[in-house]
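As structure tokens, the structure follows; a few thoughts come after it.
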Amino acid sequence: MPDDADRRRILLAPCGIWAALVLLGGISLAYALAPGLPFKLVASLAIVIAQGGLVLIGFMRLGKSSALVRTTALAGVVWLSFLFLMTFADLWTR
């Protein structure tokens, strides 16, 4: 039976990750709506990468997973990148 420390870790870790995701979303929204700020695209992409990393490491627990699970997640990212590449290649050549 889990003790109080385990219960706190199980309940508070996802809440902390969720709070970080909401904070990053708020920063992204504020930066997007602020006029005249430089590097909006770079900042937005950096925030999205940070959010994706939080989801992958925190919610999916890829840091503690086996090599097969991490390889499968990487294959999914590569396949999604390929699909985006083909979509934009089609749009750019029309």
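Can you tell me which residues in segment 50-75 are free of Cβ contacts under 8 Å to residues at least 12 places away in the same chain and surrounded by 10 or more Cβ atoms within 10 Å (Cβ to Cβ)?
Gly52, Gly53, Ile57, Arg61, Leu62, Ser65, Val69, Arg70, Thr71, Thr72, Leu74, Ala75
Given Ala46, Ala32, Ala19, Ala75, which one is of a type in the set (Gly, Ala, Ser) and modelled with pLDDT under 90?
Answer to the check: Ala32.
The values are calculated or read from the model by the stated rules, or taken from the named source; none is laboratory data. None of these values were measured; they are calculated from a predicted model. Cβ atoms come from the backbone with ideal geometry, glycine included; neighbour counts cover every protein chain shown.
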